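Report on the following structure.
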Amino acid sequence: MLNTWVVAPTRLSRVRRRCHACTSERFRASGKFRVNANHKRIDAWLLVLCAECGDTAKLTLLERTNVRAVRPVLLDRLHDNDPALTAELLQDPAVLRRNRVALDWDGAWRLDTGGPEHEDREVIDVSVRFAARIPVRPVRLVAEGCGLSRAEVGRLAEEGKLVAAVRLGARLSSDFTFTLKR
């Protein structure tokens, strides 16, 4: 029987960026957008706040874009400070690359295993699904989900009792499956 585990966010991730006012390197999304129009051109930013001093910084979303090129639904969501849009944009690789920032997911996700019914079986097949693009090492997920130490998960992989099509030590944020024989 195939078990499905889900890696789900518990809150918005932090933004890794250096604060120009203090020594902090973590920002949190404020959930607010700033939109500025000048004739036929529009600019839009997501406002983020320093985790230490509260200073505001802007992540560029639109820059000198023709207003007609922006979907009206997106424009309405920006004006309404839509929290779901904030989460979507923080997951967008183009936004992160454009602003030269990375996300910090420490303490912002959880692993839902569906309960402990798999712990007493000798062989378990697990499909791990990601509800958001959260980079986690599979060895950590297997250890947490099965109640093992990371060293023991590594030992099981070396012995061939843990089989996965992905590298267990590399961070990944896409779905994968594994089989564990005890």
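The values are calculated or read from the model by the stated rules, or taken from the named source; none is laboratory data. These numbers come from a predicted model, not from an experiment. When we count neighbours, we look across all protein chains shown, and the Cβ atoms used for this are built from the backbone with ideal geometry, even at glycine. For accessibility, only protein heavy atoms count, side chains too; no ligands or nucleic acids. Shrake-Rupley method; radii C 1.70, N 1.55, O 1.52, S 1.80 Å.
Among residues of the range 13-35 that are without any contact (Cβ under 8 Å) to a residue 12 or more places away in the chain, those with a beta-carbon under 7 Å from a residue that is assigned to a strand (DSSP E or B) and open to solvent by 90 Å² or more (accessible area, probe 1.4 Å) at least six positions away or on a different chain give the pairs GLU25/ARG16. The set of residues in the range 114-125 that are surrounded by 14 or more Cβ atoms within 10 Å (Cβ to Cβ) and part of a loop (DSSP other than H, G, I, E, B) is empty. At least 1 residues being open to solvent by 30 Å² or more (accessible area, probe 1.4 Å) and either on the phi > 0 side of the Ramachandran plot or hydrophobic (A, V, I, L, M, F, W, C) (or both) is the threshold, and among the strands (runs of 3 or more DSSP E) wholly inside the range 1-107 those reaching it are 2-9, 26-38, 41-50, 56-66, 102-104.
Within the range 126-182, the set of residues being free of Cβ contacts under 8 Å to residues at least 60 places away in the same chain, open to solvent by less than 20 Å² (accessible area, probe 1.4 Å) and in a strand (DSSP E or B) comprises LEU162, PHE176, PHE178, LEU180.
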